[in-house]
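Enquirer: This structure is in structure tokens; I'll ask about it shortly.
Bear in mind that the values in this text are calculations on the coordinates, not laboratory data. Since we're looking at a predicted model, the values are computed, not measured. Cβ atoms come from the backbone with ideal geometry, glycine included; neighbour counts cover every protein chain shown.
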Ligand code: ATP
Ligand code: MG
């Protein structure tokens, strides 16, 4: 996953509002207001040059086929704020099957919301058909809407027009449309005013909208954290008390959301907000328990440093690794699990493996943790034990371990809050700074000089690369 979403691409934020601009406050009842506020092209900052060429291609192909096509969501929001959008979402009156017919490189996905994904190499342009109003409760749901007893929407495939679509979106700042037909921005819900005021405001009745889809609570936190926005009071109030609704959400969806919360910028703010609104514990209960028993700010400091590091790597456009993030998030639960295992005749490695199994089993009941991440996470943990050996041949062998870099970086992270780890990290940092003969000498000074063994050894990979910089995430 690459970052960059937090980067500003130009200074201009939102242009002064035109005189004729009218704003509608979203009422608590989600009743559509047919006339949008229209911001004409010269009065906003979105230009096709800032939209990904692939998204522009999709917009035009839809239009040429006679459909309405608008850029919507984060693309419009972020461009108006002078930020670089993470991805480009498109809304259209074409049905998913019609979109599918127009693009060879298109897949239909999703049960809850049927969507078209148009794939261009690594980039996916998401095309959603305008949603209709009949999912909104009071008169009962129409066909195409399925809910649980608590009101959670299981599927919502009722199609409608653009006005209705705007009211089905989550936050006002996410419901702005850039129309490819005439390059105007359309605002049905007061999104421009909220963008200017820096407000995250749910469209419609907040408690009901959170109940329909509890992930909206996490999205609220994510946008507030990433954009530095405040919550509208009505949007904020239910956050404190509805965390338990997250229990109903499939763990795979929560995993995706956790990655977006922590690996797309604003990770520290997201973490602080999640804890403030008592949502963090519904995602990471074992970590939350450890945080509640922390001593002298540990383990919070370790986590905050890991998140800060993630943010700075993203700001520098360096890759970030979910395995490293999860290794940090679950480190303290792992240590807690290991404590009673010592003294039961288990070796350190056995204790670690047993504890790691238990921590992962616990965690995947809340957020998924695919093996492609849990395996490297375990290796990072395992390396914390292996790195304690600083004599003999093992340190040199360890340099060739595929996860060495991540393990060492994790040790550096621990070193910031743990004296023993700091000493060890110091040793490794000095060791890595040595050239090959220096390393051999540091491990076996007399023997190495006499036998010249180290010269016969294949050069460790890290030594071949030259001196290493000290960063927190593995590039692998
Ligand atoms: P980003 O892409 O930067 O994470 P985004 O706002 O584009 O932010 P997406 O997840 O890409 O978020 O979704 C695109 C748009 O779809 C949103 O802006 C919003 O209008 C709508 N949307 C997404 N998820 C929901 C939801 N759970 N409920 C209602 N509308 C949603
Ligand atoms: Mg998006």
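Enquirer: May I ask you to order 111-123, 250-262 by the average number of other C-beta atoms within 10 Å around their residues, highest value first?
Expert: On the way: 111-123: 14.8, 250-262: 18.6.
Packing order, densest peptide first, comes out as 250-262, 111-123.
Enquirer: What Kirkwood hydrodynamic radius, in Å, does region 185-280 give when the mean of 1/r is taken over all pairs of distinct Cα atoms and then inverted?
Expert: 13.7
Enquirer: Where the centre of each part is set by its Cα atoms, how far does region 68-100 sit from region 240-299, in angstrom?
Expert: Each part reduced to its Cα centre gives a spacing of 29 Å.
Enquirer: So, one more: Just the C-alpha atoms of region 288-465: what Rg/Rh do they give, with Rh taken as the Kirkwood radius?
Expert: Computed over Cα atoms, the ratio is 1.00.
Enquirer: Over all distinct Cα pairs, what is the inverse of the mean 1/r for region 311-372, reported as the Kirkwood hydrodynamic radius in Å?
Expert: For region 311-372, the Kirkwood estimate is 13.2 Å.
Enquirer: If I stretch the segment between residue 276 and residue 248 completely, what's the gain in nm (0.36 nm per residue apart, minus their alpha carbon distance), one decimal?
Expert: Extending this stretch completely gives an extra 8.0 nm.
Enquirer: Quote to one decimal, in nm, the extra length available between residue 294 and residue 111 on full extension: 0.36 nm per residue of separation minus the C-alpha distance between them.
Expert: Working: separation 183, 0.36 × 183 = 65.88 nm, distance 4.18 nm.
Here the answer is 61.7 nm.
Enquirer: On to the next question. What is the extension gain from residue 335 to residue 318, computed as 0.36 nm multiplied by their sequence separation minus the C-alpha to C-alpha distance, in nm to one decimal?
Expert: 3.2 nm
Enquirer: A further question on this structure: For region 288-465, what is the relative contact order in percent, using Cα pairs closer than 8 Å and at least 6 residues apart in sequence?
Expert: Rounded, it is 18 percent for region 288-465.
Enquirer: How do the peptides 368-374, 80-86 rank, highest first, by the average count of neighbouring beta carbon atoms within 10 Å per residue? It would help to have the intermediate numbers written out before the result.
Expert: Values: 368-374: 15.7, 80-86: 20.0.
For the peptides 368-374, 80-86, the packing ranking is 80-86, 368-374.
Enquirer: Taking the beta-carbon count within 10 Å as an exposure proxy, list 290, 106 from fewest neighbours to most.
Expert: Result, fewest neighbours first: 106, 290.
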